[in-house]
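The values are calculated or read from the model by the stated rules, or taken from the named source; none is laboratory data. What you are looking at is a predicted structure, and each value in this text was computed from that prediction instead of being measured. Cβ: placed from backbone, ideal geometry, glycine included. Neighbour counts: every protein chain shown. All accessible areas refer to the heavy atoms of the entire protein, side chains included, with ligands and DNA or RNA removed. Shrake-Rupley method; radii C 1.70, N 1.55, O 1.52, S 1.80 Å.
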Amino acid sequence: MANTLKMRITTASVLRFALPSIIMMVVMSLYTVVDGVFVAALIGTDAFSAVNIMYPLFSIVIALGTMFGTGAVALVARKLGEGKQREANQNLTFIVLVSIALGAAISLVSFVFLERIILILGADRDTFRYCYEYAFPLLLFLPASILQLAFQYFFVANGKPNI
């Protein structure tokens, strides 16, 4: 297997690595737009408002996944570059466990204070129920969402950005 980190960097090679991530971001943005269109058309504007009201809570998930992903890749790649496979494995394991624990803790705290969070984010009596129904199942998978986002960076660092 060729070491992709030692290859000559050209415009084409940068695009080969960046383009899948760019496409993924565009698709995820389109998913949010299409989701909003369907929610508004099929359920109503109050439900659409609820999706948007709850978005800041899930922005935290995106931020944490990105933070753990970029930080973990930097630490693990450095250890691998130094030839310290065991330490790289330990760092990766630690970061995965911390990501899961932090995601579970945020999920638990969010469940306990979900009604307050919804009100703080600006829901009124018309949108409150929709906010709750939208947030509850998503919070169940918060730790998995953080891991999914974090591991996207490992695919790129491993030379397989199109996965």
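Figures for the structure shown
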| quantity | calculated |
| --- | --- |
| Taking the chain and dividing mean pair separation by its residue count, relative contact order in percent (alpha carbons under 8 Å, at least six apart) | 35 percent |
| Average projection area in nm² (convex hull over Cα atoms of segment 19-115, one quarter of hull surface) | 8.0 nm² |
| Segment 32-163, accessible area per residue, ligands and nucleic acids excluded (1.4 Å, Å²) | 60 Å² |
| Dimensionless Rg/Rh of the chain - Kirkwood Rh, Rg from C-alpha atoms | 1.07 |
| Å³ per residue enclosed by the Cα convex hull of segment 110-163 | 101 Å³ |
| Relative packing of 120-133, 19-32, which averages over residues the other C-beta atoms within 10 Å, highest first | 120-133, 19-32 |
| Kirkwood hydrodynamic radius of segment 64-123, from inverse mean 1/r over distinct Cα pairs, in Å | 13.3 Å |
| Carbon and sulfur %, accessible surface of the chain computed with the full protein complex present, 1.4 Å | 69 percent |
| Cβ charges +1 (Lys, Arg) and -1 (Asp, Glu), total dipole of the chain, debye | 940 debye |
| Label-point separation, Ala104 to Leu30 (7 Å along Cα→Cβ), nm | 3.7 nm |
